[in-house]
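Below is one structure, written out as structure tokens, with a few remarks after it.
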Amino acid sequence: MDASAVLLSGGLDSAVLAAMELERGRTVWPIHVRAGLAWEDAEAAAIARLLQTPPLAGQLAPLSTLTVDMRDVYPATHWAVVGDAPAYDAPDEDVYLEGRNITLIAKTAVWCARRHIGRIALGPLAGNPFPDATRSFFDAMAKAMTLVRAHALTIDAPLAQMHKPDVIGIG
């Protein structure tokens with residue numbers, strides 16, 4: 001059976017992604033990456049509830065929580081560290097977290113290498129404007145991580161052609 005490490009935040013998109021991976025017959029290894037950001041305790045609580053609720057309850061491999069602290073990169077006053085998010089209508093550049101997907105993918109790729117898992121799935125949606133949420137970025141990261149681990153790795157974003165209403169409908 002195929003296996004996927006699924007980056008899980010506890011939100012709708014990652015929950016739907018995990019369920020979709022299960023429906024495709026994959027063993028799903030849920031991964032939560034903590035980077036020292038303000039919302040991670042809330043994510044962990046949501047993940048705990050999610051893993052106890054059908055359709056995911058008892059269906060996934062054990063949750064792994066990885067840590068890669070970014071508070072030495074982002075200033076102590078950064079909105080993501082403090083927890084004071086920009087307004088909903090703020091420009092994209094105000095909410096962009098530099099290095100976010102590099103961090104998530106690199107740490108998860110090492111975790112996968114230790115377990116011989118060749119696939120990472122994460123859940124950016126259509127319209128995501130950030131350069132580290134593109135197919136070309138994921139392909140480049142997969143190539144780099146494959147070279148590092150000398151074992152093939154793919155990085156997939158199965159929701160990348162969907163908008164939030166599509167994901168809500170699936171959910």
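Over the residues of the chain, the helix contribution to mean residue ellipticity at 222 nm works out to -12000 deg cm²/dmol, using -39500 (n - 2.57) for each DSSP H run of at least 4. 3J(HN,Hα) along region 59-74, derived from phi through the Karplus expression 6.51 cos²θ - 1.76 cosθ + 1.60 where θ = phi - 60°, amounts to 9, 9, 5, x, 5, 10, 10, 9, 10, 8, 6, 9, 6, 8, 9, 7 Hz, with x in place of Gly and Pro.
The fraction of accessible area contributed by carbon and sulfur in the chain is 57 percent, rounded to a whole number (1.4 Å probe; ligands and nucleic acids excluded). Across region 107-117, coupling constants 3J(HN,Hα) worked out from phi with the 6.51/-1.76/1.60 Karplus curve, θ = phi - 60°, read 5, 5, 5, 5, 4, 4, 4, 5, 10, 6, 9 Hz, and Gly and Pro carry x.
Using the Kirkwood radius built from alpha carbon pairs, what does the Stokes-Einstein equation give as D for the chain at 37 °C and 0.692 mPa s, in µm² per second? Answer from the Stokes-Einstein relation: 198 µm²/s. With contacts taken as Cα pairs under 8 Å and at least 6 residues apart, region 1-83 reaches a relative contact order of 33 percent.
In the context of the full set of protein chains, the chain has a per residue accessible area of 53 Å² (1.4 Å probe).
Short-range pairs are left out: with C-alpha atoms under 8 Å and at least six residues apart, the relative contact order of the chain is 25 percent.
Close amide H contacts of VAL33 (hydrogens built in the peptide plane, cut-off under 5 Å, sequence separation of 5 or more or a different chain): LEU8, LEU66.
The values are calculated or read from the model by the stated rules, or taken from the named source; none is laboratory data. Computed from a predicted model, the values in this text were never measured in an experiment. For accessibility, only protein heavy atoms count, side chains too; no ligands or nucleic acids. Shrake-Rupley method; radii C 1.70, N 1.55, O 1.52, S 1.80 Å.
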